[in-house]
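Taking it in order: structure first as structure tokens, then the write-up.
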Amino acid sequence: MNYVNIGKILNTFGIKGELKIDSYTDFVKERFKKGSTVYVGEDYLPFTVRSCKEHKGFLLVQFEGYEDINLVEKYKNMYVYKSRDDIKPLKKGEYYFSDLKNLDVYVNDQKIGKVINVEEGIRNNNLRVLKDEDKKEYLVPFIPVFIENVDLEAKRIDVNSIEGLL
């Protein structure tokens, strides 16, 4: 099964097993809908969502059968995933942030670095690229004028670089 990272468990909240989650998805109501299945940790342990609500910019999520703080403490700092089979396909030219991470970045067919993060911006998202040559990090706007091609199968992004960008 293939998974998409949809958040990270930051901490517990209260004594009734709620978990404070930093959401990585724009589709919170769909991904954390009551009765839906999410997967936690590197072993992709399945959990059924009992409840989900927003609180101070984070999600408070409780899982079925885990209504006690002692049952959920061990999941702190773990990532939360959704099965790709449960997610609607994206439109052409749209990508999940987790798909873009670790892709090699090329300029004029020469590998220059790797995407280490995707950061949301107000007007556009940015790729944080770690350049091989000087080990410095650079932000590349994820917009058509800079992004020539994204090939997930080849794990490659071709960037149209302008002077001063990289």
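Readers should treat all values here as calculations from the given coordinates under stated rules, not as data from a laboratory. Note that the structure is a prediction, hence the values are computed from the model and not measured. Note: ideal-geometry Cβ built from the backbone for every residue, glycine included; neighbour counts use all protein chains shown.
Against the empirical curve 2.2 N^0.38 Å, the C-alpha radius of gyration of the range 97-159 lands at a ratio of 1.00. Straight-distance candidates among the aspartates and glutamates for linking to residue 91, with alpha-carbon spacing under 18 Å and chain neighbours fewer than 8 residues away dropped: 26, 30, 99, 148, 151, 153.
Find, among the GluC sites (Glu not before Pro) in the range 76-133, those assigned to loop by DSSP (not H, G, I, E, B) with at most 13 other beta-carbon atoms within 10 angstrom.
When the GluC sites (Glu not before Pro) of the range 76-133 are filtered for loop state and at most 13 Cβ neighbours within 10 Å, 94, 120, 133 remain.
Which trypsin sites (Lys or Arg not before Pro) from the range 52-128 combine a DSSP loop assignment with at most 12 other Cβ atoms within 10 Å? In loop regions of the range 52-128 (DSSP not H, G, I, E or B), the sparsely surrounded trypsin sites (Lys or Arg not before Pro) are 56, 91, 92, 123. Only Cα sites of the range 3-86 enter the Debye sum here, all with the same form factor; the resulting log10 I(q)/I(0) across q = 0.14, 0.22 1/Å is -0.37, -1.01, listed in q order. May I ask for the distance between the Cα centers of the range 30-78 and the range 98-166, given as a whole number of Å? Rounded to whole Å, the Cα centres lie 32 Å apart. Put simply, the C-alpha atoms of the chain give a gyration tensor, and the ellipsoid matching it has half-axes of 35, 16, 14 Å, longest first. Label point of residue 109 set 7 angstrom out along Cα-Cβ; within the range 126-166, amide nitrogens under 20 Å from it belong to 147-162. Extension gain for residue 134 to residue 165 (0.36 nm times residue separation, less C-alpha to C-alpha distance): 9.8 nm. Relative protection proxy for 43-49, 15-21, from highest mean packing down: 15-21, 43-49 (other beta-carbon atoms within 10 angstrom). In the chain, the DSSP-assigned H stretches of four residues or longer account for a calculated mean residue ellipticity at 222 nm of -1000 deg cm²/dmol, using -39500 (n - 2.57) per stretch and the full residue count as denominator.
Under 12 Å of direct C-alpha separation, and excluding same-chain neighbours fewer than eight residues apart, residue 34 reaches these aspartates and glutamates: 64. Of the GluC sites (Glu not before Pro) in the range 39-74, the ones in a loop by DSSP (not H, G, I, E or B) with at most 15 other beta carbons within 10 Å are 42, 64, 67. Candidate cross-link partners of residue 114 among the lysines, defined by an alpha-carbon separation under 17 Å and a same-chain spacing of 8 or more, comprise 101, 131, 135, 136, 155.
Taking every alpha-carbon pair under 8 Å whose residues sit at least 6 apart, the chain reaches a relative contact order of 18 percent.
Between 14, 63, 48, the Cα set farthest toward the positive side of the dipole of the range 3-86 (charges on each charged residue's Cβ, about the Cα centre) is that of 14. Taking the Cα centre of the chain as origin and assigning +1 to Lys and Arg Cβ atoms and -1 to Asp and Glu Cβ atoms, the resulting dipole is close to 560 debye.
Gain on full extension, evaluated as 0.36 nm per residue between residue 55 and residue 67 minus their Cα-Cα distance, stands at 2.5 nm.
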